[in-house]
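In what follows, a single structure is set out as C-alpha coordinates and then discussed.
The values are calculated or read from the model by the stated rules, or taken from the named source; none is laboratory data. Values in this document were obtained by computation on a predicted structure and should not be read as measured data. Note that we place each Cβ from the backbone using ideal geometry, even for glycine, and neighbour counts take in every protein chain shown. To get the accessible areas, we keep the full protein, side chains included, count just its heavy atoms, and leave off ligands, DNA and RNA. Shrake-Rupley method; radii C 1.70, N 1.55, O 1.52, S 1.80 Å.
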Amino acid sequence: KRGLDGAGYMLAGAEKEPAGVWFGAGLEDMLGIEVGTTATEEQVRAVLGRLEHPTQVDKDGDPVSLGSRPRRFKSREDRVKAALVAEPDATEERQEQIRNQVRADTRKAVAYYDLTFSPVKSVSVYWATLVAAGRMAEAANVVEAHRVAVAEAMAYVEREAGFVRSGFHGKTASGRSVGVYEQAKGLSWIRWDHSTNRDQQPQLHSHVTLVNRAETSSDGEIRALDGKGFRPIKQGADAIYRQAYERVLTEANRVVFVTRADGKAREIMGYDQRLLGKASSRRRDIAQAVGVAAREFAERYGRAPSPVERKSMDRVAWRETRSPKSHLVAPGQQLRNWVSGLRGELDRALAAAEKHAERVARFGHPDQRGYAGRSREEVLSAAVAAVQVKYATWEVGNLVDEIADQQTRTPAVTGEAADLAKEVLRGGARYGVVLLTAPDPAPVPEVLQREDGKSCYRPHNQEWWTTDTQLHTEATIVSRAREQGAPTVDSPGLELARVELIAAGLGPDQQAAVL
(Lines give C-alpha, C1' and ligand atoms only; values in the text may rest on other atoms or scores of the structure.)
Protein backbone atom coordinates (compact mmCIF):
# COMPACT_ATOMS: atom_id res chain seq x y z
CA LYS A 1 0.00 0.00 0.00
CA ARG A 2 1.14 3.53 -0.70
CA GLY A 3 -0.16 6.73 0.85
CA LEU A 4 -0.81 10.03 -0.87
CA ASP A 5 2.86 10.98 -0.54
CA GLY A 6 4.09 8.14 -2.76
CA ALA A 7 3.70 9.90 -6.11
CA GLY A 8 6.93 11.85 -5.64
CA TYR A 9 8.88 8.65 -5.03
CA MET A 10 7.79 7.17 -8.36
CA LEU A 11 8.45 10.39 -10.26
CA ALA A 12 11.93 10.69 -8.76
CA GLY A 13 12.77 7.20 -10.03
CA ALA A 14 11.63 8.15 -13.52
CA GLU A 15 14.25 10.93 -13.75
CA LYS A 16 16.89 8.38 -14.82
CA GLU A 17 14.79 5.32 -15.68
CA PRO A 18 12.05 5.19 -18.36
CA ALA A 19 8.87 7.13 -17.63
CA GLY A 20 5.84 5.24 -16.38
CA VAL A 21 3.29 3.89 -18.85
CA TRP A 22 -0.48 3.68 -18.29
CA PHE A 23 -2.39 0.38 -18.57
CA GLY A 24 -5.62 -1.22 -17.37
CA ALA A 25 -9.05 -2.19 -18.64
CA GLY A 26 -10.68 0.60 -16.65
CA LEU A 27 -8.22 3.32 -17.56
CA GLU A 28 -9.97 5.09 -20.44
CA ASP A 29 -13.44 5.10 -18.84
CA MET A 30 -12.34 6.36 -15.42
CA LEU A 31 -9.45 8.68 -16.28
CA GLY A 32 -9.85 9.38 -19.99
CA ILE A 33 -6.27 8.22 -20.66
CA GLU A 34 -5.36 5.93 -23.55
CA VAL A 35 -3.65 2.63 -22.72
CA GLY A 36 0.07 2.66 -23.54
CA THR A 37 0.59 6.41 -23.13
CA THR A 38 3.32 7.93 -20.99
CA ALA A 39 2.32 8.96 -17.47
CA THR A 40 2.96 12.69 -17.14
CA GLU A 41 3.97 14.34 -13.89
CA GLU A 42 0.65 16.22 -13.75
CA GLN A 43 -1.32 12.99 -14.13
CA VAL A 44 0.72 11.14 -11.51
CA ARG A 45 0.47 13.92 -8.93
CA ALA A 46 -3.27 14.27 -9.49
CA VAL A 47 -4.21 10.57 -9.53
CA LEU A 48 -1.65 8.98 -7.19
CA GLY A 49 -0.91 12.06 -5.12
CA ARG A 50 -4.43 13.43 -4.55
CA LEU A 51 -6.86 10.79 -5.93
CA GLU A 52 -8.25 13.38 -8.33
CA HIS A 53 -9.21 13.19 -11.99
CA PRO A 54 -6.26 14.48 -14.09
CA THR A 55 -8.35 16.81 -16.29
CA GLN A 56 -11.97 17.12 -15.11
CA VAL A 57 -13.10 19.97 -12.84
CA ASP A 58 -16.41 20.69 -11.14
CA LYS A 59 -18.63 23.77 -11.59
CA ASP A 60 -16.42 25.75 -9.20
CA GLY A 61 -13.28 24.90 -11.16
CA ASP A 62 -11.95 22.47 -8.55
CA PRO A 63 -10.52 19.08 -9.62
CA VAL A 64 -13.07 16.24 -9.53
CA SER A 65 -12.32 13.72 -6.79
CA LEU A 66 -12.04 10.04 -7.72
CA GLY A 67 -14.78 8.71 -5.49
CA SER A 68 -14.88 9.79 -1.86
CA ARG A 69 -12.15 12.07 -0.54
CA PRO A 70 -9.30 10.24 1.28
CA ARG A 71 -9.73 9.97 5.05
CA ARG A 72 -7.13 11.39 7.44
CA PHE A 73 -5.79 9.14 10.19
CA LYS A 74 -3.70 9.79 13.30
CA SER A 75 0.07 9.62 12.83
CA ARG A 76 2.01 6.56 13.95
CA GLU A 77 3.60 8.53 16.80
CA ASP A 78 0.21 9.66 18.15
CA ARG A 79 -1.16 6.12 18.02
CA VAL A 80 1.89 4.74 19.87
CA LYS A 81 1.46 7.35 22.61
CA ALA A 82 -2.23 6.55 22.99
CA ALA A 83 -1.58 2.81 23.16
CA LEU A 84 1.12 3.24 25.83
CA VAL A 85 -1.13 5.51 27.89
CA ALA A 86 -3.83 2.83 27.79
CA GLU A 87 -1.41 0.36 29.46
CA PRO A 88 0.51 2.44 32.02
CA ASP A 89 1.79 -0.64 33.87
CA ALA A 90 3.19 -2.37 30.79
CA THR A 91 6.64 -3.91 31.20
CA GLU A 92 9.51 -2.85 28.97
CA GLU A 93 9.00 -5.95 26.84
CA ARG A 94 5.25 -5.30 26.58
CA GLN A 95 5.91 -1.67 25.56
CA GLU A 96 8.08 -2.90 22.71
CA GLN A 97 5.29 -5.28 21.65
CA ILE A 98 2.82 -2.39 21.65
CA ARG A 99 5.13 -0.30 19.45
CA ASN A 100 5.52 -3.18 17.00
CA GLN A 101 1.76 -3.78 16.88
CA VAL A 102 1.05 -0.12 16.13
CA ARG A 103 3.75 -0.03 13.43
CA ALA A 104 2.19 -3.05 11.77
CA ASP A 105 -1.36 -1.70 12.05
CA THR A 106 -0.93 2.00 11.30
CA ARG A 107 -3.75 3.15 9.06
CA LYS A 108 -3.37 5.68 6.27
CA ALA A 109 -5.26 6.78 3.20
CA VAL A 110 -4.23 4.38 0.44
CA ALA A 111 -3.81 6.09 -2.92
CA TYR A 112 -2.46 3.05 -4.73
CA TYR A 113 -1.11 -0.45 -4.31
CA ASP A 114 2.52 -0.97 -5.28
CA LEU A 115 2.92 -4.40 -6.86
CA THR A 116 6.55 -5.23 -7.70
CA PHE A 117 7.54 -7.78 -10.34
CA SER A 118 11.15 -8.89 -10.56
CA PRO A 119 12.66 -12.02 -12.14
CA VAL A 120 15.17 -14.23 -10.35
CA LYS A 121 18.63 -12.75 -9.97
CA SER A 122 20.20 -14.81 -12.80
CA VAL A 123 17.90 -13.13 -15.33
CA SER A 124 19.11 -9.66 -14.34
CA VAL A 125 22.76 -10.75 -14.32
CA TYR A 126 22.30 -12.47 -17.71
CA TRP A 127 20.74 -9.29 -19.12
CA ALA A 128 23.58 -7.13 -17.77
CA THR A 129 26.11 -9.52 -19.34
CA LEU A 130 24.41 -9.27 -22.74
CA VAL A 131 24.34 -5.46 -22.56
CA ALA A 132 28.04 -5.34 -21.61
CA ALA A 133 28.85 -7.70 -24.52
CA GLY A 134 26.97 -5.48 -26.98
CA ARG A 135 24.43 -8.20 -27.76
CA MET A 136 21.56 -5.73 -27.64
CA ALA A 137 18.94 -7.76 -29.56
CA GLU A 138 19.22 -10.61 -27.06
CA ALA A 139 19.22 -8.14 -24.16
CA ALA A 140 16.02 -6.61 -25.56
CA ASN A 141 14.47 -10.10 -25.58
CA VAL A 142 15.07 -10.31 -21.81
CA VAL A 143 13.32 -6.99 -21.22
CA GLU A 144 10.44 -7.98 -23.50
CA ALA A 145 10.01 -11.30 -21.65
CA HIS A 146 9.75 -9.37 -18.39
CA ARG A 147 7.17 -6.93 -19.79
CA VAL A 148 5.04 -9.71 -21.30
CA ALA A 149 5.14 -11.48 -17.95
CA VAL A 150 4.01 -8.35 -16.10
CA ALA A 151 1.10 -7.98 -18.54
CA GLU A 152 -0.01 -11.59 -18.03
CA ALA A 153 0.26 -11.35 -14.25
CA MET A 154 -1.70 -8.10 -14.20
CA ALA A 155 -4.43 -9.62 -16.39
CA TYR A 156 -4.83 -12.22 -13.64
CA VAL A 157 -4.84 -9.54 -10.94
CA GLU A 158 -7.49 -7.54 -12.81
CA ARG A 159 -9.67 -10.62 -13.17
CA GLU A 160 -9.32 -11.85 -9.58
CA ALA A 161 -8.94 -8.60 -7.59
CA GLY A 162 -11.05 -6.20 -9.65
CA PHE A 163 -13.69 -5.68 -6.97
CA VAL A 164 -14.84 -2.61 -5.06
CA ARG A 165 -16.72 -2.25 -1.78
CA SER A 166 -20.01 -0.47 -1.22
CA GLY A 167 -22.21 -0.12 1.84
CA PHE A 168 -21.03 -0.51 5.45
CA HIS A 169 -17.73 -2.37 5.80
CA GLY A 170 -17.02 -1.81 9.49
CA LYS A 171 -17.13 -4.76 11.87
CA THR A 172 -20.52 -5.71 13.31
CA ALA A 173 -21.21 -7.49 16.60
CA SER A 174 -20.62 -10.82 14.83
CA GLY A 175 -17.24 -9.63 13.56
CA ARG A 176 -18.31 -9.81 9.91
CA SER A 177 -18.71 -6.99 7.42
CA VAL A 178 -22.21 -6.43 6.05
CA GLY A 179 -21.05 -4.43 3.05
CA VAL A 180 -21.33 -5.45 -0.59
CA TYR A 181 -18.46 -6.55 -2.83
CA GLU A 182 -19.09 -5.53 -6.42
CA GLN A 183 -17.36 -6.22 -9.72
CA ALA A 184 -15.33 -3.30 -11.10
CA LYS A 185 -15.36 -2.37 -14.77
CA GLY A 186 -11.58 -2.60 -14.82
CA LEU A 187 -8.45 -1.38 -13.06
CA SER A 188 -6.01 1.44 -13.84
CA TRP A 189 -2.27 1.20 -13.31
CA ILE A 190 1.14 2.52 -14.29
CA ARG A 191 4.15 0.30 -15.01
CA TRP A 192 7.50 1.82 -13.98
CA ASP A 193 10.52 -0.09 -15.36
CA HIS A 194 13.78 -0.10 -13.39
CA SER A 195 17.07 -1.85 -14.14
CA THR A 196 19.16 -1.58 -10.95
CA ASN A 197 18.59 -1.92 -7.22
CA ARG A 198 19.48 0.47 -4.39
CA ASP A 199 22.97 -1.00 -4.16
CA GLN A 200 23.57 -0.14 -7.84
CA GLN A 201 23.54 -3.79 -8.87
CA PRO A 202 21.60 -5.22 -11.85
CA GLN A 203 17.96 -5.94 -11.01
CA LEU A 204 15.32 -5.78 -13.70
CA HIS A 205 12.02 -4.99 -12.02
CA SER A 206 8.82 -3.06 -12.51
CA HIS A 207 6.70 -1.24 -9.98
CA VAL A 208 3.01 -1.41 -10.84
CA THR A 209 1.15 1.43 -9.15
CA LEU A 210 -2.45 0.23 -9.12
CA VAL A 211 -4.87 3.10 -8.48
CA ASN A 212 -7.06 2.48 -5.42
CA ARG A 213 -10.20 3.47 -7.30
CA ALA A 214 -12.34 1.82 -9.98
CA GLU A 215 -15.73 2.26 -11.60
CA THR A 216 -18.41 -0.12 -10.34
CA SER A 217 -20.01 -2.29 -13.03
CA SER A 218 -23.51 -1.96 -11.59
CA ASP A 219 -23.87 1.82 -11.35
CA GLY A 220 -20.68 3.42 -12.70
CA GLU A 221 -19.81 4.94 -9.32
CA ILE A 222 -16.10 5.26 -8.50
CA ARG A 223 -15.23 3.37 -5.32
CA ALA A 224 -12.16 2.12 -3.45
CA LEU A 225 -10.88 -1.36 -4.21
CA ASP A 226 -11.25 -4.26 -1.81
CA GLY A 227 -7.65 -4.18 -0.58
CA LYS A 228 -7.92 -7.57 1.11
CA GLY A 229 -8.56 -9.16 -2.27
CA PHE A 230 -4.86 -9.11 -3.16
CA ARG A 231 -3.64 -11.47 -0.43
CA PRO A 232 -5.36 -14.67 -1.62
CA ILE A 233 -3.96 -14.31 -5.15
CA LYS A 234 -0.49 -12.89 -4.48
CA GLN A 235 1.37 -16.17 -4.99
CA GLY A 236 -0.77 -16.92 -8.02
CA ALA A 237 0.23 -13.63 -9.67
CA ASP A 238 3.89 -14.33 -8.87
CA ALA A 239 3.61 -17.80 -10.42
CA ILE A 240 1.97 -16.52 -13.61
CA TYR A 241 4.67 -13.85 -13.93
CA ARG A 242 7.41 -16.47 -13.42
CA GLN A 243 5.91 -18.89 -15.94
CA ALA A 244 5.54 -16.18 -18.57
CA TYR A 245 9.06 -14.76 -18.47
CA GLU A 246 10.58 -18.26 -18.51
CA ARG A 247 8.43 -19.24 -21.51
CA VAL A 248 9.10 -16.09 -23.55
CA LEU A 249 12.80 -15.91 -22.73
CA THR A 250 13.59 -19.57 -23.46
CA GLU A 251 11.79 -19.27 -26.80
CA ALA A 252 13.80 -16.18 -27.76
CA ASN A 253 17.31 -16.87 -26.36
CA ARG A 254 19.52 -19.89 -25.76
CA VAL A 255 18.91 -20.32 -22.03
CA VAL A 256 17.34 -22.95 -19.79
CA PHE A 257 15.90 -22.53 -16.30
CA VAL A 258 16.57 -25.20 -13.68
CA THR A 259 15.50 -25.61 -10.05
CA ARG A 260 18.19 -24.57 -7.58
CA ALA A 261 19.67 -27.13 -5.20
CA ASP A 262 17.78 -25.56 -2.28
CA GLY A 263 14.51 -25.77 -4.23
CA LYS A 264 13.65 -22.13 -3.55
CA ALA A 265 13.77 -20.80 -7.11
CA ARG A 266 14.59 -21.57 -10.73
CA GLU A 267 17.68 -19.89 -12.16
CA ILE A 268 19.32 -19.87 -15.58
CA MET A 269 21.68 -22.84 -15.88
CA GLY A 270 25.31 -21.70 -15.89
CA TYR A 271 24.94 -18.92 -13.31
CA ASP A 272 26.11 -20.25 -9.94
CA GLN A 273 25.05 -18.86 -6.58
CA ARG A 274 28.50 -17.47 -5.80
CA LEU A 275 28.33 -15.17 -8.83
CA LEU A 276 24.70 -14.24 -8.21
CA GLY A 277 25.57 -13.39 -4.61
CA LYS A 278 27.71 -10.54 -5.92
CA ALA A 279 24.51 -8.94 -7.19
CA SER A 280 22.51 -9.66 -4.00
CA SER A 281 24.31 -7.95 -1.15
CA ARG A 282 21.06 -6.63 0.33
CA ARG A 283 19.73 -10.04 1.44
CA ARG A 284 23.04 -10.82 3.13
CA ASP A 285 22.97 -7.50 5.00
CA ILE A 286 19.41 -8.14 6.20
CA ALA A 287 20.31 -11.62 7.47
CA GLN A 288 23.26 -10.26 9.40
CA ALA A 289 21.17 -7.46 10.93
CA VAL A 290 18.46 -9.92 12.02
CA GLY A 291 21.11 -12.17 13.58
CA VAL A 292 22.47 -9.28 15.63
CA ALA A 293 18.97 -8.22 16.72
CA ALA A 294 18.08 -11.78 17.75
CA ARG A 295 21.22 -12.12 19.89
CA GLU A 296 20.56 -8.76 21.59
CA PHE A 297 16.95 -9.81 22.23
CA ALA A 298 18.06 -13.09 23.85
CA GLU A 299 20.55 -11.29 26.09
CA ARG A 300 17.92 -8.74 27.13
CA TYR A 301 14.94 -11.04 27.79
CA GLY A 302 16.59 -14.40 28.47
CA ARG A 303 14.88 -16.19 25.59
CA ALA A 304 14.98 -16.43 21.83
CA PRO A 305 12.58 -14.22 19.86
CA SER A 306 9.35 -15.84 18.75
CA PRO A 307 8.60 -16.26 15.02
CA VAL A 308 6.38 -13.16 15.12
CA GLU A 309 9.09 -11.14 16.85
CA ARG A 310 11.71 -12.39 14.40
CA LYS A 311 9.49 -11.37 11.50
CA SER A 312 9.27 -7.89 13.02
CA MET A 313 13.08 -7.81 13.26
CA ASP A 314 13.26 -8.73 9.59
CA ARG A 315 10.99 -5.79 8.68
CA VAL A 316 13.11 -3.41 10.76
CA ALA A 317 16.32 -4.75 9.18
CA TRP A 318 14.77 -4.36 5.74
CA ARG A 319 14.14 -0.67 6.42
CA GLU A 320 17.50 0.01 8.10
CA THR A 321 19.57 -1.67 5.38
CA ARG A 322 17.65 0.07 2.61
CA SER A 323 20.06 2.38 0.83
CA PRO A 324 18.60 5.57 -0.66
CA LYS A 325 17.84 5.20 -4.35
CA SER A 326 20.62 6.90 -6.27
CA HIS A 327 19.43 9.37 -8.89
CA LEU A 328 22.90 10.89 -9.35
CA VAL A 329 24.44 8.00 -11.29
CA ALA A 330 22.55 6.89 -14.40
CA PRO A 331 21.47 3.21 -14.38
CA GLY A 332 23.59 2.51 -17.45
CA GLN A 333 26.69 3.75 -15.62
CA GLN A 334 25.73 1.75 -12.53
CA LEU A 335 25.66 -1.39 -14.67
CA ARG A 336 29.01 -0.61 -16.29
CA ASN A 337 30.57 -0.02 -12.87
CA TRP A 338 29.26 -3.35 -11.57
CA VAL A 339 30.26 -5.32 -14.67
CA SER A 340 33.79 -3.86 -14.86
CA GLY A 341 35.24 -6.01 -12.08
CA LEU A 342 33.42 -9.20 -13.07
CA ARG A 343 33.78 -9.29 -16.84
CA GLY A 344 35.66 -12.60 -16.95
CA GLU A 345 33.23 -14.40 -14.64
CA LEU A 346 30.23 -13.05 -16.51
CA ASP A 347 31.59 -14.09 -19.91
CA ARG A 348 32.23 -17.62 -18.60
CA ALA A 349 28.71 -17.81 -17.14
CA LEU A 350 27.21 -16.68 -20.44
CA ALA A 351 29.16 -19.34 -22.35
CA ALA A 352 28.14 -21.98 -19.78
CA ALA A 353 24.48 -21.00 -20.11
CA GLU A 354 24.58 -21.52 -23.87
CA LYS A 355 26.32 -24.90 -23.52
CA HIS A 356 23.72 -26.03 -20.96
CA ALA A 357 20.94 -25.03 -23.35
CA GLU A 358 22.52 -27.13 -26.13
CA ARG A 359 22.94 -30.10 -23.78
CA VAL A 360 19.33 -29.92 -22.58
CA ALA A 361 18.11 -29.75 -26.18
CA ARG A 362 19.99 -32.99 -26.90
CA PHE A 363 19.53 -34.99 -23.71
CA GLY A 364 16.44 -33.55 -22.01
CA HIS A 365 15.79 -31.34 -19.01
CA PRO A 366 17.08 -32.59 -15.62
CA ASP A 367 13.99 -31.32 -13.79
CA GLN A 368 11.75 -33.44 -16.02
CA ARG A 369 13.43 -36.82 -15.51
CA GLY A 370 10.86 -39.17 -14.02
CA TYR A 371 8.11 -36.55 -14.36
CA ALA A 372 7.75 -35.85 -18.08
CA GLY A 373 5.24 -38.65 -18.67
CA ARG A 374 2.80 -37.83 -15.88
CA SER A 375 -0.87 -37.49 -16.70
CA ARG A 376 -2.88 -34.32 -16.14
CA GLU A 377 -4.52 -35.82 -13.03
CA GLU A 378 -1.15 -36.89 -11.61
CA VAL A 379 0.22 -33.37 -12.03
CA LEU A 380 -2.76 -31.78 -10.31
CA SER A 381 -2.71 -34.36 -7.50
CA ALA A 382 1.00 -33.70 -6.99
CA ALA A 383 0.29 -29.94 -6.76
CA VAL A 384 -2.37 -30.52 -4.10
CA ALA A 385 0.02 -32.73 -2.12
CA ALA A 386 2.80 -30.13 -2.42
CA VAL A 387 0.66 -27.20 -1.27
CA GLN A 388 -0.60 -29.25 1.68
CA VAL A 389 2.97 -29.96 2.80
CA LYS A 390 3.62 -26.21 2.99
CA TYR A 391 0.36 -25.07 4.57
CA ALA A 392 -2.17 -26.65 6.93
CA THR A 393 -4.81 -24.48 5.25
CA TRP A 394 -4.35 -22.64 1.97
CA GLU A 395 -5.90 -20.26 -0.54
CA VAL A 396 -6.33 -20.34 -4.30
CA GLY A 397 -3.09 -18.43 -5.01
CA ASN A 398 -1.07 -21.02 -3.10
CA LEU A 399 -2.48 -23.76 -5.32
CA VAL A 400 -1.86 -21.79 -8.53
CA ASP A 401 1.78 -21.44 -7.47
CA GLU A 402 2.21 -25.18 -6.91
CA ILE A 403 0.49 -26.10 -10.17
CA ALA A 404 2.81 -23.77 -12.07
CA ASP A 405 5.78 -25.45 -10.37
CA GLN A 406 4.54 -28.92 -11.31
CA GLN A 407 4.08 -27.82 -14.93
CA THR A 408 7.81 -27.09 -15.17
CA ARG A 409 8.40 -30.79 -14.49
CA THR A 410 5.67 -31.96 -16.87
CA PRO A 411 5.36 -29.31 -19.60
CA ALA A 412 3.06 -31.55 -21.65
CA VAL A 413 0.29 -30.62 -19.20
CA THR A 414 -0.64 -27.26 -20.67
CA GLY A 415 -3.18 -24.61 -19.76
CA GLU A 416 -3.07 -21.61 -17.45
CA ALA A 417 -2.21 -22.55 -13.88
CA ALA A 418 -5.09 -20.38 -12.64
CA ASP A 419 -7.60 -22.31 -14.78
CA LEU A 420 -6.16 -25.64 -13.63
CA ALA A 421 -6.51 -24.52 -10.01
CA LYS A 422 -10.20 -23.75 -10.57
CA GLU A 423 -10.57 -27.21 -12.12
CA VAL A 424 -9.13 -28.81 -8.99
CA LEU A 425 -11.32 -26.79 -6.61
CA ARG A 426 -14.48 -27.48 -8.62
CA GLY A 427 -13.81 -31.21 -8.48
CA GLY A 428 -12.41 -31.14 -4.95
CA ALA A 429 -13.50 -34.66 -3.93
CA ARG A 430 -11.52 -36.15 -6.82
CA TYR A 431 -8.32 -34.68 -5.39
CA GLY A 432 -9.18 -35.04 -1.72
CA VAL A 433 -9.67 -31.28 -1.34
CA VAL A 434 -12.00 -29.99 1.39
CA LEU A 435 -13.54 -26.51 1.60
CA LEU A 436 -13.13 -25.10 5.13
CA THR A 437 -14.99 -21.82 4.65
CA ALA A 438 -18.64 -22.13 5.67
CA PRO A 439 -20.89 -22.05 2.59
CA ASP A 440 -24.01 -19.94 2.31
CA PRO A 441 -26.76 -21.51 4.46
CA ALA A 442 -29.18 -21.52 1.52
CA PRO A 443 -29.09 -20.97 -2.24
CA VAL A 444 -28.25 -17.34 -3.01
CA PRO A 445 -31.10 -15.54 -4.81
CA GLU A 446 -30.15 -14.44 -8.28
CA VAL A 447 -30.68 -10.79 -7.37
CA LEU A 448 -27.94 -11.10 -4.71
CA GLN A 449 -25.44 -12.86 -6.96
CA ARG A 450 -22.43 -11.19 -8.59
CA GLU A 451 -21.20 -12.02 -12.06
CA ASP A 452 -19.02 -14.77 -10.53
CA GLY A 453 -22.13 -16.46 -9.14
CA LYS A 454 -21.22 -15.79 -5.50
CA SER A 455 -23.16 -13.81 -2.93
CA CYS A 456 -22.49 -10.08 -3.21
CA TYR A 457 -21.87 -10.09 0.56
CA ARG A 458 -18.83 -12.36 0.21
CA PRO A 459 -15.37 -11.43 -1.13
CA HIS A 460 -14.45 -13.06 -4.43
CA ASN A 461 -11.61 -15.25 -3.08
CA GLN A 462 -12.47 -15.69 0.58
CA GLU A 463 -12.25 -19.50 0.63
CA TRP A 464 -9.74 -21.53 2.63
CA TRP A 465 -8.99 -25.13 1.71
CA THR A 466 -7.27 -28.24 3.05
CA THR A 467 -7.28 -31.98 2.28
CA ASP A 468 -9.13 -34.84 3.90
CA THR A 469 -5.74 -36.41 4.65
CA GLN A 470 -4.76 -33.34 6.68
CA LEU A 471 -8.06 -33.40 8.58
CA HIS A 472 -7.65 -37.10 9.33
CA THR A 473 -4.11 -36.50 10.63
CA GLU A 474 -5.26 -33.68 12.89
CA ALA A 475 -8.22 -35.72 14.19
CA THR A 476 -5.86 -38.61 14.96
CA ILE A 477 -3.50 -36.32 16.90
CA VAL A 478 -6.41 -34.95 18.96
CA SER A 479 -7.77 -38.44 19.60
CA ARG A 480 -4.39 -39.80 20.70
CA ALA A 481 -3.82 -36.79 22.95
CA ARG A 482 -7.08 -37.53 24.78
CA GLU A 483 -6.22 -41.18 25.46
CA GLN A 484 -5.61 -42.21 29.05
CA GLY A 485 -2.85 -44.58 30.20
CA ALA A 486 -0.15 -43.55 27.74
CA PRO A 487 3.50 -43.48 28.93
CA THR A 488 4.35 -40.30 30.83
CA VAL A 489 7.42 -38.08 30.82
CA ASP A 490 8.82 -36.99 34.18
CA SER A 491 9.99 -33.46 35.02
CA PRO A 492 13.69 -33.99 34.17
CA GLY A 493 12.63 -35.45 30.84
CA LEU A 494 10.42 -32.43 30.17
CA GLU A 495 13.30 -30.03 30.84
CA LEU A 496 15.49 -31.91 28.39
CA ALA A 497 12.67 -31.73 25.87
CA ARG A 498 12.36 -27.98 26.49
CA VAL A 499 16.03 -27.51 25.62
CA GLU A 500 15.53 -29.42 22.36
CA LEU A 501 12.45 -27.36 21.50
CA ILE A 502 14.32 -24.11 22.09
CA ALA A 503 17.19 -25.35 19.93
CA ALA A 504 14.66 -26.21 17.21
CA GLY A 505 13.53 -22.57 17.17
CA LEU A 506 10.08 -22.94 18.73
CA GLY A 507 8.67 -19.91 20.51
CA PRO A 508 7.41 -19.95 24.13
CA ASP A 509 3.77 -20.62 23.18
CA GLN A 510 4.80 -23.47 20.87
CA GLN A 511 7.06 -24.97 23.55
CA ALA A 512 4.22 -24.88 26.08
CA ALA A 513 1.84 -26.60 23.66
CA VAL A 514 4.28 -29.44 23.00
CA LEU A 515 5.22 -29.92 26.66
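Observations on the structure shown:
- Whenever a residue of the stretch 171-184 is more than 14 Å from residue 450 (Cα to Cα), its partners that are assigned to a strand (DSSP E or B) and at pLDDT 65 or above, lying with C-beta atoms within less than 9 angstrom and at least six residues away or across chains, give the pairs 177/165.
- In the set (1) at pLDDT below 95; (2) of a type in the set (A, V, I, L, M); (3) surrounded by 11 or more Cβ atoms within 10 Å (Cβ to Cβ), the condition left unmet by residue 420 is number (1).
- Residues satisfying the stated conditions in the stretch 354-372, i.e. in contact (Cβ under 8 Å) with a residue 24 or more places away in the chain and of a type outside the set (Lys, Arg): 354, 356, 357, 358, 360, 365, 366, 367, 368, 371, 372
- Hey, residue 466 under 26 Å from the mean Cα position of the chain (by Cα), surrounded by 17 or more Cβ atoms within 10 Å (Cβ to Cβ) and under 26 Å from residue 149 (Cα atoms) or not: no
Residue-by-condition table, conditions (1) of a type in the set (A, V, I, L, M); (2) at pLDDT 90 or above; (3) surrounded by 12 or more Cβ atoms within 10 Å (Cβ to Cβ):
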site: 324; (1), (2), (3): no, no, no
site: 334; (1), (2), (3): no, no, yes
site: 355; (1), (2), (3): no, yes, yes
site: 376; (1), (2), (3): no, yes, yes
site: 390; (1), (2), (3): no, yes, no
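- Count of residues meeting criterion [open to solvent by less than 70 Å² (accessible area, probe 1.4 Å) and more than 29 Å from the chain's Cα centre (by Cα)] in the stretch 425-440: 1
- For the stretch 441-450, the condition holds for no residue, the condition being that it is surrounded by 18 or more Cβ atoms within 10 Å (Cβ to Cβ) and modelled with pLDDT of 95 or more.
- Residues of the stretch 27-44 satisfying the condition of being assigned to a loop (DSSP other than H, G, I, E, B) and either crowded, with 21+ Cβ neighbours inside 10 Å or touching a Phe, Trp or Tyr at 6+ places or on another chain (Cβ under 9 Å) (or both): 33, 34, 35, 36, 37, 39
- Members of the stretch 478-498 found to be within 36 Å of the chain's Cα centre (by Cα) and either part of a loop (DSSP other than H, G, I, E, B) or surrounded by fewer than 10 Cβ atoms within 10 Å (Cβ to Cβ) (or both), listed by number: 478
- Screening 346, 399 for residues that are in a helix (DSSP H, G or I) and farther than 27 Å from residue 236 by Cα leaves exactly one candidate, 346.
- Among residues of the stretch 244-296, those that are of a type in the set (Ser, Thr, Tyr) and assigned to a helix (DSSP H, G or I), counted: 3
- Tally, over the stretch 333-343, of residues that are assigned to a helix (DSSP H, G or I), under 32 Å from the mean Cα position of the chain (by Cα) and touching a residue at least 40 places away in the same chain (Cβ under 8 Å): 6
- Taken over the stretch 123-145, residues that are free of Cβ contacts under 8 Å to residues at least 24 places away in the same chain and part of a helix (DSSP H, G or I) amount to 4.
- The single condition among (1) open to solvent by 30 Å² or more (accessible area, probe 1.4 Å); (2) touching a residue at least 24 places away in the same chain (Cβ under 8 Å); (3) within 21 Å of residue 354 (Cα to Cα) that residue 231 does not satisfy is (3).
- Residue check, residue 160 crowded, with 18+ Cβ neighbours inside 10 Å, at pLDDT 95 or above and of a type in the set (D, E, K, R): yes
- Qualifying residue in the stretch 104-122 (condition: surrounded by fewer than 18 Cβ atoms within 10 Å (Cβ to Cβ) and in a helix (DSSP H, G or I)): yes
- Checked against the criterion of being outside any helix (DSSP H, G or I), open to solvent by less than 30 Å² (accessible area, probe 1.4 Å) and farther than 26 Å from residue 365 by Cβ, the stretch 408-415 contains not a single residue that satisfies it.
- Criterion violated by residue 345 - all others in (1) closer than 30 Å to residue 231 by Cβ; (2) of a type in the set (D, E, K, R); (3) touching a Leu at 6+ places or on another chain (Cβ under 6 Å) satisfied: (1)
- Among the residues of the stretch 258-284, those identified as more than 22 Å from residue 411 (Cα to Cα) and open to solvent by less than 60 Å² (accessible area, probe 1.4 Å) are 271, 275, 276, 277, 279, 280, 281, 282.
- Filtered residues of the stretch 39-60 (kept if in contact with a Gly (Cβ under 7 Å, 6 or more places away or on another chain) and free of Cβ contacts under 8 Å to residues at least 24 places away in the same chain): 55
- Among the conditions (1) at positive phi; (2) surrounded by 13 or more Cβ atoms within 10 Å (Cβ to Cβ); (3) not hydroxyl-bearing (Ser, Thr, Tyr), the only one that residue 80 does not satisfy is (1).
- Only a single item in (1) assigned to a loop (DSSP other than H, G, I, E, B); (2) without any contact (Cβ under 8 Å) to a residue 60 or more places away in the chain; (3) farther than 30 Å from residue 182 by Cβ is not met by residue 220, and it is number (3).
- Top-ranked residue in the stretch 45-59 [being touching a strand residue (DSSP E or B) at 6+ places or on another chain (Cβ under 9 Å) and not in a helix (DSSP H, G or I); ranked as surrounded by the most Cβ atoms within 10 Å (Cβ to Cβ)]: 51
- When 414, 408 are checked against the criterion of being farther than 30 Å from residue 471 by Cβ and of a type in the set (S, T, N, Q), 414 stands alone in meeting it.
- Matching residues, the stretch 174-192, being open to solvent by 20 Å² or more (accessible area, probe 1.4 Å), in a strand (DSSP E or B) and not hydroxyl-bearing (Ser, Thr, Tyr): 180, 182, 183, 191
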